[in-house]
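Colleague: Quick one: this structure, given as structure tokens, is what I'll be asking you about.
The values are calculated or read from the model by the stated rules, or taken from the named source; none is laboratory data. Remember, it's a predicted structure, so these values are computed and weren't measured experimentally. Neighbour counts are summed over all protein chains in view; Cβ atoms, including those assigned to glycine, are modelled from backbone coordinates with ideal geometry.
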Amino acid sequence: MPAPAAYQHEVRYARWWAYLILITGLIGLPTAAICALWLRSWGLPLALAGGSLLALTTAFQRLSDSGPQLKFGAEGIWTAKLGFQPWRKVRAEVGRPPGTTHGSMMGYVLVYDRQTGALLDQLDAGPLDMEVDVLGGNLRYHSRQNAR
């Protein structure tokens, strides 16, 4: 079955989230240098610099990726990893990945195989541009209504 021409919902990374990560990374690098000079130690400053570089890398990836991360509607769901999947083959929900014991209860978009129940894909819902509870409600609606 080919992918539908249009989806009712297209979800992208929120720009404000990427800018927040970018600012955090930019503040962390000079802070690491100041800590190194002031403490005359390299342990904490190197850890801080590493975290800042990771934050900057993530921010630049999110800012350069303007395409949708998740698309869904009456026909099915699309993710970058899976491509298009019809609702009769998969179900989607917002929750916590199996086997995790920490973090938010409503932190990830989880896509499961409808037959086996195997987890096929997971996306962090925090940096997406749709509120988590709205996203969860829309996914639940489409996943249940269009499972035929």
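Colleague: What number goes with the only condition from (1) more than 30 Å from residue 77 (Cβ to Cβ); (2) modelled with pLDDT of 85 or more that residue 55 does not pass?
Modeller: Just one mismatch for residue 55, condition (1).
Colleague: What do you reckon, is residue 91 surrounded by 17 or more Cβ atoms within 10 Å (Cβ to Cβ) and assigned by TED's automatic domain parsing to the domain that holds residue 127?
Modeller: Values: surrounded by 17 or more Cβ atoms within 10 Å (Cβ to Cβ): yes; assigned by TED's automatic domain parsing to the domain that holds residue 127: yes.
So residue 91 passes the test.
Colleague: Quick test of your reading of the structure: residue 141 fulfils all but one of (1) of a type in the set (Ser, Thr, Tyr); (2) at pLDDT 85 or above; (3) under 30 Å from residue 21 (Cα atoms). Name the failing condition by number.
Modeller: Against the list (1) of a type in the set (Ser, Thr, Tyr); (2) at pLDDT 85 or above; (3) under 30 Å from residue 21 (Cα atoms), residue 141 comes up short only on (3).
Colleague: What's the number of the condition residue 6 fails, among (1) within 26 Å of residue 139 (Cα to Cα); (2) small (Gly, Ala, Ser); (3) modelled with pLDDT of 80 or more?
Modeller: (3)
Colleague: Take the conditions β-branched (Val, Ile, Thr) and within 28 Å of residue 108 (Cβ to Cβ) and apply them to residue 23. Does it pass?
Modeller: Numbers: β-branched (Val, Ile, Thr): yes; within 28 Å of residue 108 (Cβ to Cβ): yes.
When the stated conditions are applied, residue 23 passes them.
Colleague: Also, I was wondering about something else. Considering only residues that are among the hydroxyl-bearing types (Ser, Thr, Tyr), surrounded by 13 or more Cβ atoms within 10 Å (Cβ to Cβ) and either farther than 26 Å from residue 122 by Cβ or over 14 Å from the mean Cα position of the chain (by Cα) (or both), which ones fall in segment 37-83? Reasoning before the result, please.
Modeller: Restricting attention to segment 37-83, the residues satisfying the condition of being among the hydroxyl-bearing types (Ser, Thr, Tyr) are 41, 52, 57-58, 64, 66, 79.
Next, only the ones that are surrounded by 13 or more Cβ atoms within 10 Å (Cβ to Cβ) stay: 52, 58, 79.
Listed by number, the list holds a single entry, 52.
Colleague: Is it fair to say residue 75 is under 23 Å from residue 19 (Cβ atoms) and of a type outside the set (A, V, I, L, M, F, W, C)?
Modeller: On the way: under 23 Å from residue 19 (Cβ atoms): no; of a type outside the set (A, V, I, L, M, F, W, C): yes.
Taking the combined requirement at face value, the residue does not satisfy it.
Colleague: Among the listed residues 123, 110, which satisfies the condition of being part of a strand (DSSP E or B) and within 24 Å of residue 25 (Cα to Cα)? It would help to see each step written out before you state the result.
Modeller: On the way: 110 fails: within 24 Å of residue 25 (Cα to Cα).
Just one listed residue meets the conditions, 123.
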